[in-house]
Amino acid sequence: MPRITYIEHGGQSRVIDVPVGHTVMEGGRDAGIEGIVAECGGACACSTCHVYVDPDWFDRLPPRESMEEDMLDFAPGMDPDRSRLGCQLRVTPDFDGLVVTVPEEQA
Ligand code: FES
């Protein structure tokens, strides 16, 4: 099972086994990672699953689609070089070793 490292805003990091087919948001939310709010439940309609992807990983992930781009505009601290919505990142075996950081605040 892919192992993803989630770094909470306070600096605490946890490595979570996230099943293939789940999303990065679901993996963090279900493990109780602080700051992954996911108000809309993964419908790409809230931006409260915003995470920063480790720079080494950004180009290895599927690109953002336009809906994700639009919602990220509402995310506080959005960084075009590393921001993603966790609910739009569906985990495959290739995600093993991914590192994401939760921002200071969600919308
Ligand atoms: Fe709402 Fe991701 S959970 S946009």
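Since every read-out is calculated from the coordinates, none of them should be taken as a lab result. Because the structure is predicted, anything quoted here is derived from the model rather than measured. A quick note on method: Cβ atoms are made from the backbone with ideal geometry, for glycine too, and the neighbour counts reach across all protein chains shown.
At q = 0.17, 0.20, 0.21 Å⁻¹, what log₁₀ I(q)/I(0) does a Debye calculation on the Cα points of the range 11-73 give, no solvent, two decimals?
-0.66, -0.93, -1.02
When N counts the residues of the chain, how does its alpha-carbon radius of gyration compare numerically with 2.2 N^0.38 Å, as a ratio? Show your work: numbers first, answer last.
Details: Rg = 12.0 Å, N = 107, 2.2 N^0.38 = 13.0 Å.
Against the empirical 2.2 N^0.38 Å value, I get 0.93 for the chain.
Between residue 31 and residue 74, what length comes free when the chain is fully extended (0.36 nm per residue of separation minus the Cα-Cα distance, one decimal in nm)? Please report the intermediate quantities before stating the final value.
Numbers: separation 43, 0.36 × 43 = 15.48 nm, distance 2.49 nm.
Full-extension gain reported as 13.0 nm.
Rounded to the nearest 0.05, what FRET efficiency do residue 1 and residue 105 have when you use their Cβ-Cβ distance and R0 = 35 Å?
The value I calculate is 0.70.
For each of 47, 83, count neighbouring Cβ atoms within 10 Å of the residue's Cβ, then give the residues from fewest to most. Provide the component values of the computation, followed by the final result.
Details: 47 24, 83 20.
Ranking 47, 83 by Cβ neighbours within 10 Å, fewest first, gives 83, 47.
Divide by every residue of the chain the summed helix terms, -39500 (n - 2.57) for each DSSP H run of at least 4, and state the resulting mean residue ellipticity at 222 nm, rounded to the nearest 500 deg cm²/dmol.
Working: 3 runs with 18 residues, N = 107.
Calculated at 222 nm, the ellipticity per residue is -4000 deg cm²/dmol.
State, to one decimal in nm, how far the label point of residue 82 lies from the label point of residue 66, with both points 7 Å from Cα in the Cβ direction.
Simple spin-label model gives 2.9 nm for this pair.
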